[in-house]
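See below for the structure under consideration.
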Amino acid sequence: MNAATTESREETITLRQAKKLVQCMAHEQSFLLLSPPGVGKSDMVYQAAAEMRLPCRSLLGTQIAPEDVSGIPRIVGERSVFCPPRVLLPEKPEPFCLFLDELPACAPDVQKAFYSLLLERRLGEHALPTGTWVVAAGNRMQDRALVRALSSALINRVTILHLRVDVQEWLDWAETANVRPEVRGFIASMPEALMRGVPDQPVPFSTPRAWTLFSRALDLAEANGILDATTRRALAFGRLSAEDAAVFCALAEEAIGAMKPLEHYIEHPEALPESESARWFILNCIRQLVKDGRLRAIKPRVINRFLRSLPTEHQLTLLTDLVDRWGALGAERAMFDVLKKVTKL
């Protein structure tokens, strides 16, 4: 297969995997972390450096000029000498983490100024302290985030890591970061809501960062005694994808209590909430569990009893496009019964 027929592929890794690579190699090789907005690239770099006890100095690509990288010249004797900025070359020759945030948003002349820094760890005639990390991050062209095309010369100087969101990684982090239990419970039950695609229009959309900031906003509103249904909805729709905001607020307003494991509702359908929106939410979560093949082994008689306990429209919602999946779980009898109801045979 030649280069003309080779399809472009993006092998993705999680934030936790990327952090380990950065900690192992960033003292010798430069990295460029690419992902959609709001995944947590910047926090990961700061955390990686802190764990290795390295101070982290950052430059924001959209706010720097070439001279902020190469330095300003001054005359020494009969020669001009470039004086690199302090953020890139501190007075003490101690290693640090240099974080180049939003590198793909830099103007071409700024990207060019980074060439020797990314490959040779040098600023003109000045070398970075031994052991210094160089890590860059940014969004992708398809994310509509004011990203510029990267030159082939820059790409060839870095290792590009494409990052993806891992729900369990985020839930583990969110618990230590004091993200509100109802937010963590919502994401655990509806994992696809953690990271939505970038919308075509400039409207809020759900990301790990959006959920984290939304949780903090709820904390602040509650601490000031102003958290009610109206405030919650304003904060949710102002930060999250509309579909996620609507479901989250409906569940919060109906106070269905702590979510039980989804298998519990299958084994005990009488435990399903009485309210329509809360019930639809849990059934949708069960549907997603079956779709993803994540439903643990449950006896076929329990599966059939669960489906038969539901109204016909709910059964059809669960079964649509997933007949094979439910069949593999042993739901043939319940599916046959609902087929007879619908066809009136």
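The values are calculated or read from the model by the stated rules, or taken from the named source; none is laboratory data. Remember, predicted model here, so these are calculated numbers, not experimental data. Quick reminder, even Gly has a Cβ in these numbers, built from the backbone with ideal geometry, and neighbours come from all protein chains shown.
In the range 312-339, which residue that is among the β-branched types (Val, Ile, Thr) and more than 32 Å from the chain's Cα centre (by Cα) is surrounded by the fewest Cβ atoms within 10 Å (Cβ to Cβ)? Here the answer is Thr312.
Which of the residues belonging to the range 116-131 are of a type outside the set (Lys, Arg) and outside any loop (DSSP other than H, G, I, E, B)?
Initial filter on the range 116-131 (of a type outside the set (Lys, Arg)): 116-120, 123-131.
Selection gives Ser116, Leu117, Leu118, Leu119, Glu120, Leu123, His126, Ala127.
Does Ala252 satisfy being crowded, with 16+ Cβ neighbours inside 10 Å, closer than 30 Å to Arg209 by Cβ and in contact with an Asp or Glu (Cβ under 8 Å, 6 or more places away or on another chain)?
Working: crowded, with 16+ Cβ neighbours inside 10 Å: yes; closer than 30 Å to Arg209 by Cβ: yes; in contact with an Asp or Glu (Cβ under 8 Å, 6 or more places away or on another chain): yes.
So Ala252 fits the description; yes.
In the condition set (1) of a type in the set (A, V, I, L, M); (2) surrounded by fewer than 15 Cβ atoms within 10 Å (Cβ to Cβ); (3) under 18 Å from Val39 (Cβ atoms), Val198 is compliant with all but (2). If the condition is being out of contact with any Gly (no Cβ under 8 Å at 6 or more places or on another chain), surrounded by 15 or more Cβ atoms within 10 Å (Cβ to Cβ), assigned to a loop (DSSP other than H, G, I, E, B) and not hydrophobic (A, V, I, L, M, F, W, C), then the range 4-35 contributes Gln29, Ser30, Ser35. Taking the criterion of being closer than 13 Å to Leu89 by Cα and among the polar types (S, T, N, Q), the residues of the range 104-133 that qualify are Thr130, Thr132. Considered as a group, the residues in the range 150-171 that are part of a helix (DSSP H, G or I) and not β-branched (Val, Ile, Thr) include one that is nearest to Met25 (Cα to Cα), and that residue is Leu154. Name the residue that is surrounded by the fewest Cβ atoms within 10 Å (Cβ to Cβ), counting only residues in the range 201-240 that are farther than 18 Å from Asn139 by Cα, of a type outside the set (Val, Ile, Thr) and within 14 Å of the chain's Cα centre (by Cα). Looking at the filtered set, the residue picked out is Leu213. One residue alone among Val147, Val134 is surrounded by 17 or more Cβ atoms within 10 Å (Cβ to Cβ), part of a strand (DSSP E or B) and not assigned by TED's automatic domain parsing to the domain that holds Ala236, and that residue is Val134. Can you spot a residue in the range 249-261 that is in a helix (DSSP H, G or I), at pLDDT below 80, among the small types (Gly, Ala, Ser) and under 22 Å from Phe306 (Cβ atoms)? For the range 249-261, residues in a helix (DSSP H, G or I), at pLDDT below 80, among the small types (Gly, Ala, Ser) and under 22 Å from Phe306 (Cβ atoms): absent.
Residues of the range 305-314 include at least one that is over 14 Å from Leu283 (Cα atoms) and in contact (Cβ under 8 Å) with a residue 24 or more places away in the chain.
Select from the range 234-243 the residues that are at pLDDT 90 or above, outside any loop (DSSP other than H, G, I, E, B) and not aromatic (Phe, Trp, Tyr) and write down the one among them that is nearest to Phe281 (Cα to Cα).
Ala242
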